[in-house]
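Only one structure is covered here, and it is reproduced in the block below.
The values are calculated or read from the model by the stated rules, or taken from the named source; none is laboratory data. A quick note: this is a predicted structure, and the numbers were derived from the prediction, not measured. No Cβ is skipped: glycine too gets one built from the backbone with ideal geometry, and neighbour counts run over all protein chains shown.
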Amino acid sequence: MTPPPSFCISPKSSLPQSTQANHLNRNVNWPSMAAPETSTAIAATPTTNGTTLRHAFGNVLSFFILLLIGVLAFSIRLFSVIKYESIIHEFDPYFNYRVTQFLSKNGIYEFWNWFDDRTWYPLGRVIGGTVYPGLTLTAGTIWWLLNSLNIPLSVETVCVFTAPIFSAFASWATYLLTKEVKGPGAGLTAAALLAMVPSYISRSVAGSYDNEAVAIFALIFTFYLYIKTLNTGSLFYATLNALAYFYMVCSWGGYTFIINLIPMHVLLCIVTGRYSPRLYIAYAPLVVLGTVLAALVPVVGFNAVMTSEHFASFLVFIVIHVVAFVYYIKGILSPKMFKMAVTLVVSVGLVVCCAVIAVLVALVASSPTKGWSGRSLSLLDPTYASKYIPIIASVSEHQPPTWPSYFMDINVLAFLVPAGIIACFSPLSDASSFVVLYIVTSVYFSGVMVRLMLVLAPAACILSGIALSQAFDVFTRSIKFQLPSLTMNSEVDEQGSNPVTVEGQTEVTKTDKSGVTLKERPSRKNKKKEKEQLEKPSVKSKAEKKRLLVLPLEASVIALLLLVLLGGFYVVHCVWAAAEAYSAPSIVLTSHSHDGLHVFDDFREAYAWLSHNTDVDDKVASWWDYGYQTTAMANRTVIVDNNTWNNTHIATVGTAMSSPEKAAWEIFNSLDVKYVLVVFGGLVGYPSDDINKFLWMVRIGGGVFPHIKEPDYLRDGQYRIDSQATPTMLNCLMYKLSYYRFVETDGKAFDRVRRTEIGKKYFKLSHFEEVFTTHHWMVRIYKLKPQKNRIRGKMKKSKSKSKSTSSSKRSGTLKKNPWQ
Amino acid sequence: MAIFPAKLHLHLLLASFNIVSVFLLTAGSESESVLVNDLLALQSQSTSGVIHLDDSTVSRFLASTTAPRPYSLLIFFDAAQLHDKTELRLKELRKEFGLLASSFIENNNRSTKLFFCDIEFRESQSSFHLFGVKSFPHIGLVGEAARSMKDDSEQMDQSYFSLMAESMAEFVEARTKLTVGTIHRPPIFSKQQLTVIVPILLIWSQFMFKKIFTRETLLLDPKAWLAGAVFVYFFSVSGAMHNIIRNMPMFLVDRNDPSKLIFFYQGSGIQLGAEGFFIGFLYTVVGLLLAFVTHFLVWVKDTTVKRVAMIFVMLVSFWAVNKVISLDNWKTGYVVHAFWPSKWN
């Protein structure tokens, strides 16, 4: 059963490139089974015009199919623009948008050194060194390019459409990768599947301007180049591979997946006896160049050599050198000598390895988390996060998925993947073993964290593409060779020739492996000639062999129909998911009711109010969720934002929100805050408002400032805001700012989210004044009242006055004071 | 003169009162030391150092004594009948509590300041009432100064359970100002086990190395890799990780009708074990059957066998896909629909 180590085969084997063309030709319709025939290659016959034409036709057809796949990938992501408008989505994309704006305005050097004083006041944040710059630089470059071509698109438009454009690129990259593994037919199928896989759509609809949008393309492209290098052994592709890896490192923290998966594959190849010089070329430059390049990215820096996530690659780097050395020695020594040498070499190698491992272990053990970040650890030990890191465990996208998640996110691909795995094993090549390893690791990781479904999606598409195209191949072949019109002129004794075909096919599989794994590049002139020589006989003999491997006609027709039905269901599901589930921008909300469509545009209303009615240096406090949006849309300084790097600062805001009015005023005043923004959904029934997040504020606040105690806000362990609520709850700032004047809306103060009447309906604010409430009351903005004068007599006077006058008049009286 | 004897009387009276009160006091402290000694004795009787309390001992050590006591008690409220409810984690917590106790005793050299106790619900219901325990898991600390068991005892917060004995130790250190020190966990393998395992491993590794060098291992058998890959796939898509992390049971017993078992849970956030494996099986079997047709069935000579097998495969696959779609719609409540041109309506 042992596959012969492929390095034994002479690298000067002559067939490959022509077989590739052969693939193309045959596999536009019936993909993947194409295999090079070495034995028949010698018999050269003059070529006919027909085959060349078919080649050309096949190439043109696949080009147009790819173009259409690109259009499909782009257009299926436009639902958000059509249903809503061209707008950036959610929270993090606003930050990326703001960074891109800065980049396009001030240039790359300014961006690299950007210290942002508009956020985390008074601390500020170093942006240039703490972001993955790939996405920003990409969109910035696109914008610059378009503008220099005199296409005046705004930065926002470019940002909105970056993700759909890169989805098209990603599906083309999938085509390339799958083509390297199983031929162009499987490639096209996989590309079409990836163009609309819901899991990827969820992160890349128009407007979802986040790192994953470009990172998935980078991920697939890096894998493609790795496989390409592995198949060709070309240093050119190896260099490109390192550059693609660099782009991936620039784009997303998920690059650690690559730098662990590729070493794993290399190790697997070595262990299963598939070491070859191509493997060395594919791996060694990637580690050296890739690590050096990765260290150039400021946010990664020395992590590229100092954290455990990268150690696997260095370890395998050593192993591959040891193995290469052993093979080299084996090559230059006689078998006897080698046997003697092997003991020496292996023992020396083992000693070196042991020493290095010991050093690594010592390094790792000296750090408190054993050198692994919490997230990576929770991938290796799934129960780790739930036990030790509640903050990771609490995030919804870090939850382990249940089976419906798979059906939602990869849909019918879940059924096809096992068939793809089996297809990859017959025959097993370096490339197909990589794909298998990719699916196995990614499916395991996705089982631990639902977020990593995104990494699984391309693997599932590739394997399903392989499975589908192979199934189509078998069924269409069965139909083609059994149709009554065709059987007339091709009568073959099926029974008699079967044993022969079995033999022939096994030979085919063997040669196929060497064909796929050994794609040396002959000079172009020779290539053409060989192509001409090889085409005809191989096609002919293959057709004969295939004719015998058929299934019953009517069963094949039904099976084909069922597969088409399955594909149809996939398309319907994907379109539905794109249109209904994943396109909401969450900054503009809509709801359908019996009297038509309602649009809630309160967030932008509030941010616009802030930017038009407040001073440019005013500080706005809100819970961290709205930090990015406030800085990007209102251009005002915020205290905390979604980059939750400073827990104490967030806890301070949490404490202020959980404190009574006066204490909260003091905290906010000490932070120079002028406006406080709260999100309130009680009037329209918007469930993710601040009252629902409030317990987190209490918890995080209480974590740093112990006088805030969670039980004070709970009645018998229950969180409630009705008449049973605790006095601490009813007097805290968040309650007051949310429900101030709420009773005036319907007279009963009925909260539609919590489905209850609120506990304290009539109250006044002493230290804050309401300055703006949006149309649906979803955002409410309050201003901190100025500090009262300390002179006793005057205070009494102003107090008595303020009782009778409105707040605006009071501010008028205060303005009389020359010191204010 | 008559005044003097009166004064003397008074003095005598006062003196005798003092003596009596001193006697009383020493008697009190004696009984306290008796209590402490008893507690120490009880502690040494149990293996982990956790004293088992019941109603009578609770009244003896806590209810009938007056604050301040010379000792605090950390009490684990246990209920044997709830041990099989995995979501409460009572058994696990009790084990960790035992670890905490033994580590504390070892680190503090039989300190008399803090004792670890447990009470069982069935045995001592009145004590549970006394402490006002309403829910499990419940760990309470009765401080030296606690007067009322219900109001003055401090309940350990849920968050302290999460990190097991170490976090419980944090609670103890925070409330009693005593140091617990490092928790001594028993090693995974005892010394005796190690003496057996290590030689076996050493001997086995010799054979292993030989096999690797002669290339006879399963490692080089693609079938083993294939089986492994398909298994990992099956394992992951069935949501087994979810079941492990969340400790989900394989099935639930219907509350309304205990003879019925619930295998499927409605609502997409949660799944039961058997449910996941069933769907995982359906996910996997379709692909395997498809591969069977395209890779193995084509080699079969007999046309009828091919036909029958294909019909079987198609029926099973169709059923499996249909089943998953209908179960998914039922579980999540989503209704997937196509978008047709509006003219067609």
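For the reader, a short list of remarks on this structure follows.
- The residues of region B:198-254 that are at pLDDT below 85, of a type in the set (S, T, N, Q) and assigned to a helix (DSSP H, G or I), listed by number, are B:SER205, B:GLN206, B:THR214.
- Options B:THR332, B:THR284; residue that is within 26 Å of A:TYR582 (Cβ to Cβ) and touching a residue at least 40 places away in the same chain (Cβ under 8 Å): B:THR332
- Single unsatisfied condition, A:ASN489 versus (1) at pLDDT 90 or above; (2) more than 7 Å from chain B (Cβ to nearest Cβ): (1)
- On the stretch given as region B:315-331, residues that are facing another protein chain (nearest Cβ under 9 Å) and either outside any helix (DSSP H, G or I) or surrounded by fewer than 18 Cβ atoms within 10 Å (Cβ to Cβ) (or both) total 2.
- Looking only at region A:267-281, and only at residues there that are away from chain B (no Cβ under 14 Å) and assigned to a helix (DSSP H, G or I), the one that is surrounded by the fewest Cβ atoms within 10 Å (Cβ to Cβ): A:PRO277
- Of all the residues in region B:90-143, those that are under 19 Å from B:ALA165 (Cβ atoms) and not in a loop (DSSP other than H, G, I, E, B) number 28.
- Single unsatisfied condition, A:VAL155 versus (1) touching a helix residue (DSSP H, G or I) at 6+ places or on another chain (Cβ under 6 Å); (2) farther than 19 Å from A:GLY107 by Cα; (3) β-branched (Val, Ile, Thr): (2)
- Meets criteria (of a type outside the set (Asp, Glu), buried (at least 16 other Cβ atoms within 10 Å of the Cβ) and closer than 30 Å to A:ALA192 by Cβ) for A:PHE161: yes
- Only one of A:TRP665, A:TRP645 that is out of contact with any Pro (no Cβ under 8 Å at 6 or more places or on another chain) and surrounded by 20 or more Cβ atoms within 10 Å (Cβ to Cβ): A:TRP665
- The requirement of being touching a residue at least 60 places away in the same chain (Cβ under 8 Å) and at the interface with chain A (Cβ under 7 Å from one of its Cβ atoms) is satisfied by B:SER268.
- Yes/no for A:LYS83 being more than 23 Å from the chain's Cα centre (by Cα) and under 23 Å from A:CYS574 (Cα atoms): yes
- Those residues of region A:174-218 which are among the charged types (D, E, K, R) and closer than 18 Å to A:GLY420 by Cα, in sequence order: A:LYS179, A:GLU180, A:LYS182
- Qualifying residue in region A:211-218 (condition: acidic (Asp, Glu), surrounded by fewer than 24 Cβ atoms within 10 Å (Cβ to Cβ) and in contact with a Pro (Cβ under 8 Å, 6 or more places away or on another chain)): no
- Considering region A:407-461, and only residues there that are of a type in the set (Phe, Trp, Tyr) and assigned to a helix (DSSP H, G or I), the residue that is farthest from the other protein chains (Cβ to nearest Cβ) turns out to be A:PHE434.
- Taking the listed residues B:GLN266, B:GLN271, the one that is among the polar types (S, T, N, Q) and at pLDDT below 85 is B:GLN266, with no other qualifying.
- Filtering A:TYR327, A:TYR255 for residues that are of a type in the set (Ser, Thr, Tyr), farther than 25 Å from A:LEU428 by Cβ and either modelled with pLDDT under 90 or buried (at least 21 other Cβ atoms within 10 Å of the Cβ) (or both) leaves a single hit, A:TYR255.
- Summed over region A:550-594, the residues that are closer than 23 Å to A:ILE82 by Cβ and in a loop (DSSP other than H, G, I, E, B) give a count of 7.
- Residue count, region A:731-741 (criterion: in a helix (DSSP H, G or I) and surrounded by fewer than 18 Cβ atoms within 10 Å (Cβ to Cβ)): 1
- Residue match in region A:65-77 (condition: in contact with a Phe, Trp or Tyr (Cβ under 7 Å, 6 or more places away or on another chain) and at pLDDT below 95): no
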